[in-house]
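Read through the structure below, which is laid out as C-alpha cells, and then see the notes.
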Amino acid sequence: MIPYIIIAVLAVILAAIGILNIRRILRFRPNPDKAEQQRLLNNDLKSAGFAYDMKCSCFYSLHDCWQRAAGYCRLYDEGSLLFNMAMDCEPITFVYKGKRWLIELWKGQYGITTGAEIGVYNTDRDDIHSEKFTGTFYDAASDPEQLEMSFVLKKNERVILKRKGRHWWLTGFLLGEFSEKESLTMDVEIKFPDKQMLTAFTDALAAAGYKRDEYSAHFKTVRLHYAKPHTRQPISQAGISEDAVQLINKNNCAVFQIATDRYSCTLDKLEYLREFMPELYNFAMRSLYGREFFAKFEWLIELIKGSKPTLPQKPVCKKCPPCPPVMPELHTCDRCRVSKTEREETSCGR
C-alpha cells in the first residue's frame with residue numbers, strides 16, 4: 001500500500017512541476033536581439049574552441065582554438081566513431097619544402113550535427129614508433145602556412161552549408177541536421193602560395209586515385225569535387241558499429257528537433273534549451289570536438305611533445321552556487337540531483 005501512496009504523491013508533484021514549466025514555457029519569448037543571443041552563445045562556446053555564425057547558421061572552429069595544439073594523426077580518425085562521429089575521411093599527403101604535409105577532407109555526421117572540415121597539417125619529424133602507435137604525427141599549420149580555402153557542402157545535391165577563409169582547420173557544422181555520409185558531397189577550393197605546392201598536391205590527388213574530371217588546377221588554385229573517398233578509410237568507420245552510431249545520431253537529432261519545434265532560428269532553439277532543458281543544451285554544446293575526444297590521446301601528445309596538452313577546464317555552472325558535498329554511498333548531489341560524474345563533466349543542470 002505504501003509504495004502506491006508514494007507513487008501517487010510523486011505523480012502529483014511531477015504534475016505540478018509540469019504545469020509550472022508549461023506556464024513558463026508558454027510565457028517564454030526568445031531575445032529579439034540576435035547579436036546579443038550570438039554573443040552569449042559564443043561566450044559559452046569559446047572554451048570549446050568554436051563559435052556560431054548567424055549568416056550560415058552554423059558552428060565553426062576558431063583560428064586559435066585549443067584543438068590546434070593537438071595536431072593530427074591517424075588514430076584520431078580511427079577513434080572518432082567512439083564519439084558518435086560517422087564520417088568520410090580523405091587524407092592527401094605530399095612533400096613540400098622539406099616538410100611532409102597533410103591536407104585532409106572530412107564530411108559526415110558529428111553527433112547531432114552534419115558538417116565538413118578541411119585540415120592543413122605538416123611535420124619535419126620522423127614517424128612515431130611506440131607500442132600503442134606507429135605512424136606520422138602532424139602539427140597544425142602555423143599562421144604563415146595557413147591557406148585560403150572554401151567548401152560548399154551539399155546533401156542530395158542541395159546546398160546546405162558554405163564556408164570560406166584563411167585557416168588551418170576550416171569547418172562548419174549544422175545543429176540538428178541528420179545525414180548519411182553517402183548523401184553528402186563537398187566542392188572544395190584551395191589556393192596555394194606557389195605552383196610548386198599546387199603541383200605537389202595535385203600529384204598526390206592523382207596518386208590517391210582522383211581523375212581529372214574530379215579536380216582542376218588553374219594558376220595557384222585547385223578545385224576538387226569530393227563525393228566518395230579514394231583513400232583507405234578507418235577500420236572503425238564501417239559495418240554494424242557505424243550503423244548503430246548513426247541510429248543513435250538520428251534519434252538524438254529527432255529529439256532536438258521535437259524539443260525545439262516551436263522555433264525556426266537556431267539561436268532561439270538554443271536559448272530555449274538553455275532556459276528549460278539545460279541537459280540537452282549541454283549535450284548540443286558537447287556534440288562538437290570536445291575535450292573528452294582529445295583527452296583519449298593525451299598520452300600520444302605527451303609522448304611526442306614531452307608535455308601534456310592544455311585542454312579546456314571543465315565548465316562550471318553559472319546559475320547555481322557550488323553543489324554541496326556528495327555522499328560517497330549515494331554519488332548524488334541532493335540539490336542538483338545529478339550524478340557526481342555528470343556534475344563534474346557539465347553544469348549542475350538546474
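The values are calculated or read from the model by the stated rules, or taken from the named source; none is laboratory data. For clarity, every value in this text was computed on a predicted model and none was experimentally measured. Heads up, the Cβs are rebuilt from the backbone with ideal geometry, glycines too, and the neighbour counts pull from every protein chain shown.
Table: residues versus (1) buried (at least 20 other Cβ atoms within 10 Å of the Cβ); (2) without any contact (Cβ under 8 Å) to a residue 60 or more places away in the chain; (3) touching a His at 6+ places or on another chain (Cβ under 8 Å); (4) not charged (D, E, K, R).
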{"residue": "Glu214", "(1), (2), (3), (4)": "no, yes, yes, no"}
{"residue": "Arg232", "(1), (2), (3), (4)": "no, yes, no, no"}
{"residue": "Gln246", "(1), (2), (3), (4)": "no, no, no, yes"}
{"residue": "Ile258", "(1), (2), (3), (4)": "no, yes, no, yes"}
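Those residues that are free of Cβ contacts under 8 Å to residues at least 24 places away in the same chain, over 23 Å from Lys162 (Cβ atoms) and part of a helix (DSSP H, G or I), I need them from the stretch 23-38; list them, please. Before the answer, list the steps.
First pass over the stretch 23-38, keeping only residues free of Cβ contacts under 8 Å to residues at least 24 places away in the same chain: 23, 26-27, 29, 32-33, 35-36.
Now restrict to residues that are over 23 Å from Lys162 (Cβ atoms): 23, 26-27, 29, 32-33, 36.
Within the stretch 23-38, Arg23, Leu26, Arg27, Glu36 meet the criteria.
Restricting to the stretch 54-83, and then to whatever is without any contact (Cβ under 8 Å) to a residue 40 or more places away in the chain and surrounded by fewer than 16 Cβ atoms within 10 Å (Cβ to Cβ), can you tell me which residue is nearest to Trp168 (Cα to Cα)? If you could, list the steps in order and put the result at the bottom.
Of the residues in the stretch 54-83, the ones without any contact (Cβ under 8 Å) to a residue 40 or more places away in the chain are 55, 62, 64.
Of the ones still in play, those that are also surrounded by fewer than 16 Cβ atoms within 10 Å (Cβ to Cβ) are 55, 64.
Values: Lys55: 21, Asp64: 10 Å.
Here the residue is Asp64.
Can you confirm whether the stretch 186-201 contains a residue that is under 18 Å from the mean Cα position of the chain (by Cα) and surrounded by 18 or more Cβ atoms within 10 Å (Cβ to Cβ)? Before you say what the answer is, go through the steps one by one.
Initially, the stretch 186-201 is screened for residues under 18 Å from the mean Cα position of the chain (by Cα), giving 186.
Still in the list and also surrounded by 18 or more Cβ atoms within 10 Å (Cβ to Cβ): 186.
Scanning the stretch 186-201 turns up at least one residue that is under 18 Å from the mean Cα position of the chain (by Cα) and surrounded by 18 or more Cβ atoms within 10 Å (Cβ to Cβ).
What's the total number of residues in the stretch 212-240 that are closer than 26 Å to Ala86 by Cβ and of a type outside the set (Phe, Trp, Tyr)? Let's see the steps before the verdict.
If we filter the stretch 212-240 for residues that are closer than 26 Å to Ala86 by Cβ, which is where we start, we get 214-215, 224-240.
Among the residues that remain, those that are also of a type outside the set (Phe, Trp, Tyr) are: 214, 224-225, 227-240.
Going through the stretch 212-240 one residue at a time, the tally reaches 17.
Leu153 - would you say it is among the aliphatic types (A, V, I, L, M) and touching an Asp or Glu at 6+ places or on another chain (Cβ under 7 Å)? Break it down stepwise before answering.
On the way: among the aliphatic types (A, V, I, L, M): yes; touching an Asp or Glu at 6+ places or on another chain (Cβ under 7 Å): no.
No.
Quick check, is Gly290 in contact with a helix residue (DSSP H, G or I) (Cβ under 9 Å, 6 or more places away or on another chain) and either crowded, with 20+ Cβ neighbours inside 10 Å or at pLDDT below 85 (or both)? Give the steps one after another, and end with the answer.
Values: in contact with a helix residue (DSSP H, G or I) (Cβ under 9 Å, 6 or more places away or on another chain): yes; either crowded, with 20+ Cβ neighbours inside 10 Å or at pLDDT below 85 (or both): yes.
Criteria met by Gly290.
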